[in-house]
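Below is one structure, written out as structure tokens; comments come after it.
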Amino acid sequence: MTPFDYVVASDVDAAVRAGAAPGTRFVAGGTNLVDLMQLGVETPSHVVDVNALAGRDPALAAVAVLPDGGLRLGALARMSDVGWDARVRERYPAVSESLLLAASGQLRNMATLGGNVLQRTRCPYFRDTGTPCNKREPGSGCPSIPGYNRTNAVLGTSKHCIATHPSDFAVALTAMDAVVRVRTPGAGERTIPFPDFHLTPGDHPERETVLRPGEFITALDLPPLEAARRSTYRKVRDRASYAFALASAAVALDVQGGTVRDARVALGGVATKPWRAREAERALVGRPATEATFRAAADAALKGAVPYRENAFKIELAKRTLVRALTEVSA
Ligand SMILES: Cc1cc2nc3c(=O)[nH]c(=O)nc-3n(C[C@H](O)[C@H](O)[C@H](O)COP(=O)(O)OP(=O)(O)OC[C@H]3O[C@@H](n4cnc5c(N)ncnc54)[C@H](O)[C@@H]3O)c2cc1C
Ligand code: SF4
């Protein structure tokens, strides 16, 4: 591991001041950052431990009801605590399921919400410093495009990178129109709609989010959303536990008198960022809640998909996953 300075931040202001220095990373649960530091993929010169911040401001690790009826999820809250929270389970089942279907029990007890949405891709070339990778080393090339790409993306790809975003939780947040609350060095707080938070790779796969240097996520807000009470997160993976999604779908449906009145759809495991499928939503709203409608929505969601040598199967897999999720919430 490359040597680094380590400081424990005592409050959010101190954290963002320290985080603004070049080469700094915050460490929360450490389950992604420390792993990548051990592999030599991340080589920060300064590490700011943010775990003690919750002692000063417990809201940073809590779930709170907002005046508008939504929920505020503190960025330092652990995945398991939020996944099992009764209010999250009842009002946003897709969010609860996305957290509880991710990683393993031990990891969920350690990992935080902020760290989860900022975790980096599992593309094997990205994690192997012995190979080129445009995301890790801009301009070095992408061996995945001609090489091993079974787990990589079919939506939102570019000629520079086809890596999937690995977070399950981020897919549910995208579907629910969550909002990211961020503390900015020297400039107070700003908010970012979650569907705009992550970037597709384009010409700069090394830029993954709209976060600026030193910015610290304080919370993720879930807006009041009636349809979210009938929501689910469906995840298909190579084995029953402890595996990233090959395809996943977060959906929320409001069906009245057999007709879809409101629909929220996002896909995971198949795209370079948590993928809001607005074409699918348009294909659902105002239509009868039938299998034919759901299949048409799935076709619309995957219309722009570009398969690579080993991952064409993901297109049909994602469609079936989405149809299954829609069928489940409409029952
Ligand atoms: C074996 C294994 C299996 C896994 N399976 C899954 C899975 O199926 N689904 C899934 O979704 N995830 C999975 N994960 C990933 C896991 O969920 C993430 O590692 C975890 O959520 C990261 O959270 P953390 O708090 O440990 O982040 P850290 O490792 O502490 O941080 C990750 C990144 O976020 C930054 N950061 C952290 N908090 C903040 C903040 N508040 N503001 C700004 N920046 C911040 C850090 O600087 C760092 O860059 C798996 C991980 C492992 C090791
Ligand atoms: S797909 Fe992206 S992360 Fe994977 S090797 Fe290519 S550039 Fe790197």
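The values are calculated or read from the model by the stated rules, or taken from the named source; none is laboratory data. Quick caveat, the model's predicted, so the values are computed rather than measured. When we count neighbours, we look across all protein chains shown, and the Cβ atoms used for this are built from the backbone with ideal geometry, even at glycine. Accessible surface is based on the protein model in full, side chains and every heavy atom, while ligands, DNA and RNA are left aside. Shrake-Rupley method; radii C 1.70, N 1.55, O 1.52, S 1.80 Å.
With respect to being open to solvent by 10 Å² or more (accessible area, probe 1.4 Å), of a type in the set (S, T, N, Q) and within 16 Å of ligand 2 (Cβ to nearest atom), THR200 fits the description.
Condition test on THR151, is it within 16 Å of ligand 1 (Cβ to nearest atom) and either open to solvent by 20 Å² or more (accessible area, probe 1.4 Å) or in contact with a Pro (Cβ under 7 Å, 6 or more places away or on another chain) (or both)? Even if it seems obvious, please write down each step before you answer.
Working: within 16 Å of ligand 1 (Cβ to nearest atom): yes; either open to solvent by 20 Å² or more (accessible area, probe 1.4 Å) or in contact with a Pro (Cβ under 7 Å, 6 or more places away or on another chain) (or both): yes.
When the stated conditions are applied, THR151 passes them.
Each residue in segment 254-274 was checked for being open to solvent by 20 Å² or more (accessible area, probe 1.4 Å), in contact with a helix residue (DSSP H, G or I) (Cβ under 7 Å, 6 or more places away or on another chain) and either closer than 23 Å to SER167 by Cβ or among the hydrophobic types (A, V, I, L, M, F, W, C) (or both), and 2 of them qualify. Quick check on segment 48-75: of everything there that is assigned to a loop (DSSP other than H, G, I, E, B), touching a residue at least 40 places away in the same chain (Cβ under 8 Å) and closer than 13 Å to ASP221 by Cα, which residue is most open to solvent (accessible area, probe 1.4 Å)? Checking each candidate, the answer is ASP68. Only one of the numbered conditions (1) within 11 Å of ligand 1 (Cβ to nearest atom); (2) farther than 14 Å from THR321 by Cα; (3) out of contact with any strand residue (DSSP E or B) (no Cβ under 8 Å at 6 or more places or on another chain) is not met by THR218, and that is (3). Among residues of segment 219-243 that are under 14 Å from VAL88 (Cβ atoms), those with a beta-carbon under 7 Å from a residue that is among the hydroxyl-bearing types (Ser, Thr, Tyr) and modelled with pLDDT of 95 or more at least six positions away or on a different chain give the pairs LEU222/TYR92; ALA228/TYR92; SER231/TYR92; TYR233/SER98; TYR233/SER248.
Scanning segment 163-188 for residues that are buried (at least 24 other Cβ atoms within 10 Å of the Cβ) and away from ligand 1 (no atom under 12 Å from the Cβ) returns ALA163, THR174, ALA175, MET176, ALA178. The set of residues in segment 83-105 being of a type in the set (A, V, I, L, M, F, W, C), assigned to a helix (DSSP H, G or I) and within 15 Å of the chain's Cα centre (by Cα) consists of ALA94, VAL95, LEU99, LEU100. Inclusion of ARG136 among residues that are charged (D, E, K, R), away from ligand 1 (no atom under 14 Å from the Cβ) and open to solvent by less than 50 Å² (accessible area, probe 1.4 Å) is not warranted.
Residues of segment 232-253 include none that is assigned to a helix (DSSP H, G or I) and either open to solvent by 20 Å² or more (accessible area, probe 1.4 Å) or among the charged types (D, E, K, R) (or both). Can you say whether GLY202 is farther than 29 Å from SER104 by Cα and not basic (Lys, Arg), as far as the supplied structure shows? Here the answer is yes, as GLY202 does meet what is asked. Here THR209 clears all of (1) buried (at least 24 other Cβ atoms within 10 Å of the Cβ); (2) touching a helix residue (DSSP H, G or I) at 6+ places or on another chain (Cβ under 9 Å) except the condition numbered (1). For segment 84-119, a residue qualifies if it is away from ligand 2 (no atom under 16 Å from the Cβ), under 14 Å from ALA28 (Cβ atoms) and among the polar types (S, T, N, Q), and the qualifying residues are ASN109, THR112, ASN116.
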